[in-house]
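Worksheet: one structure, shown below.
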Amino acid sequence: MPAARKPQRNNRQQWLFSLLLFSMLFFMAIYSISSPMREEEKAFEDAKEVPLSDITRGYADNDFERMLVRDNKVFAITHSGAVVQSYKEARDSVSALGWNDPVNTTVVEIENREAANLFLAILPDLLFFILIISGVIWLFRGIARSQSNALSFGKSRARVADAKQVKTRFKDVAGCEESKEDLIEVVDFLKNPKKYINLGAKIPKGVLLVGAPGTGKTLLARAVAGEAGVPFFSIAGSEFVEMFVGVGASRVRDLFMKAKRNAPCIIFIDEIDAVGRQRGGAGFGGGHDEREQTLNQILTEMDGFEQGTNVIVMAATNRPDVLDRALLRPGRFDRRVFIDKPDLEAREKILEVHMRNKKGAKTVDLKVIAKQTVGLTGADLENIANEAAIFAAKKGRKAVGNQDLVDAVEKVTLGSEKRSRKLSEHEKEVTAYHELGHAVVGYLCTESDPLHKISIVSRGSALGVTWFLPQEDQYTTSKKKFLDEVCGLLGGRAAEEIVFGEITTGASNDIERASQICRNMAMHYGMGDDDLGLVAYGEKQGTMFLGVDPSSSRNYSEEMARHIDEFVRETIRAQYVRAKDLVQKHKVVLDTLAKVLLKKETMSLEEFVEIFDPKSAVRSKPVKPKK
């Protein structure tokens, strides 16, 4: 691999350095020319003025030790150190004045200051000339720089990291063991290509990493480069696209040319959907479209006439369905690695990785934290570990504890506490009964997720929070669980109506979520009534993002739409009646819970069970062994 080029010095720094050097030399010259005999200047300024004849007489009598003729001034220094001065005519020479007697021991010095005066006279013209020359040089350099930029407009802007710079390894990537296994053979090929070539095997030229944002696609690509010990070229898909047609294709050519010189190596294109969309679709022009030319060049470079290059292209996207089919065919991105959100065990390992460089207390239990982070990605878990360290630092602790991690989970998932939001006593009481309505109904519904925490401290846009957490990762959901979830969502509204005899806007989000669950049951999951049957209604349209549902078009009749609306309405009505019955049966204990919650503002599962179901709380307590 060629040696890395040293970065060029900044032109502005060069100009400042040159100007400083010139100024120093100039002032040194002025100082040396215009300031001779610096030690005697003060004595000369205080010299007594006498007639020129007195100085001539003193010279003849050998009264002076030294005489200095400076232009038309004459300074005479006596043997005692006294200084006198006089003036002579410019045409009078030393010989004409008789000051050249060889017998006389007086030293006569002549100082010619015309050279210094001449330099000072021409100095403005000299500076103006230097300024003009500097301006011309700066102008030509600017023109050369602009021409250089124009010529490098089509050059690749990929960031290059050599084998020593890439420090990431597979041990730094946790929670995606299956994905790492799919990439191990890529690493083995880059290390030992002859082992595969001798058997006639062909390693995949392209590896497409597909996953939701934050699942670690870029980190995996860097780990492959780090494990293989090869250069790593990284670039974003949007960096190929410019306003001028042909620039993207030129940058692709330059990128692959550099990669082939440094083979074996890895090219990583992040967010490849920026240039790899389907050709000829809506919003795209013909063959001269910039994105199409860039994509065509990528296709040619990945599977063109040139064979046998040890360059592996890795790309990442969370929108696999919009990619062009030619990009995904064998010979190009013929291997797709799907990176799912981490499960419980994976989340625990990811937290361990992110807690390596943090001072954690010995009592920290990451498994408990992993259970509270269902559905979060690796980036979210990294954020939680960082927020926990910030919480510990704010509170002056020397190590990150369990409570810091719990607070960080709540901040990331629910939002920061807004204790500055002041509620009236009535609003606070309504919020308490509303959240306890969710908690009571959810606790009594057997298929509902277990209750975790209740709070009437505002977080985000919510005035209160009732937090349910699943004990384990779930990949399928039953109809009974959906109905229990709807019933729990309507528990807050039921509590408001039973206790206060009125309803508020606090249940608006609960109603929206309950309606969406019922509509999905009817339209997508085949859990509706007999009139709807086992039919999926609504055709999904629009661009698909991983983790985001696209919009759907209506592909069913008005009669089916009426059946769907009736099913949603009747299901919500039945579950609301059920929620009201549960709240009414436990109204006494609900009042007791409300008093405690209004006082503490936050209630844990243990505190809730101790009041709501004391027998269950006693049974759940561990029995201490007898000594």
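The values are calculated or read from the model by the stated rules, or taken from the named source; none is laboratory data. Source: prediction; values computed, not measured. FYI the Cβ positions are ideal-geometry reconstructions off the backbone, even for glycines, and counts take in every protein chain you see. With ligands, DNA and RNA removed, areas are computed over all heavy atoms of the protein, side chains included. Shrake-Rupley method; radii C 1.70, N 1.55, O 1.52, S 1.80 Å.
Values computed for the structure shown
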quantity	calculated
Under-5 Å amide H pairs with residue 331, H placed in peptide plane, nonlocal only	205
Residues with amide H under 5 Å from that of residue 464, placed H, sequence gap 5 or more	459
Protection-proxy order for peptides 473-483, 62-72, each taking the mean of Cβ atoms within 10 Å per residue, highest first	62-72, 473-483
Fraction of accessible area attributable to carbon and sulfur, the range 389-463 (%, probe 1.4 Å)	50
Greater than 18 Å apart at Cα, pairs in 371/394; 479/585; 341/371; 358/418	371/394; 479/585; 358/418
Linear extension gain, residue 194 paired with residue 390, 0.36 nm per residue minus alpha-carbon span	65.5 nm
J(HN,Hα) series, the range 333-350, from Karplus relation 6.51 cos²θ - 1.76 cosθ + 1.60, nearest Hz, glycine and proline x	8, 8, 10, 10, 10, 8, 10, 7, 5, x, 8, 4, 5, 5, 5, 5, 5, 5
Length added when fully stretched, residue 503-residue 602, from 0.36 nm per residue minus Cα-Cα	33.3 nm
Listed peptides 436-444, 502-510 by packing density, highest first (mean Cβ within 10 Å)	436-444, 502-510
For the range 554-566, 3J(HN,Hα) per residue [Karplus equation, 6.51 cos²θ - 1.76 cosθ + 1.60, θ = phi - 60°, Hz, x = Gly/Pro]	8, 10, 9, 7, 5, 5, 5, 4, 5, 5, 5, 4, 5
Relative contact order computed over the range 395-529 (Cα-Cα under 8 Å; 6+ residues apart), in percent	22
Phi to ³J(HN,Hα) by Karplus 6.51 cos²θ - 1.76 cosθ + 1.60 over the range 373-385, Hz, x for Gly, Pro	10, 5, x, 8, 9, x, 5, 5, 5, 5, 5, 5, 4
Label-point gap, in nm, between residue 238 and residue 138 - each point 7 angstrom along Cα→Cβ	3.5
Environment charge at residue 92 (Cβ cut-off 13 Å; Lys +1, Arg +1, Asp -1, Glu -1)	+1
Calculated FRET value between residue 416 and residue 363, using beta carbons and R₀ = 30 Å, to 0.05	0.75
Cut-off under 5 Å, modelled amide H: who pairs with residue 400 long-range	359, 360, 361
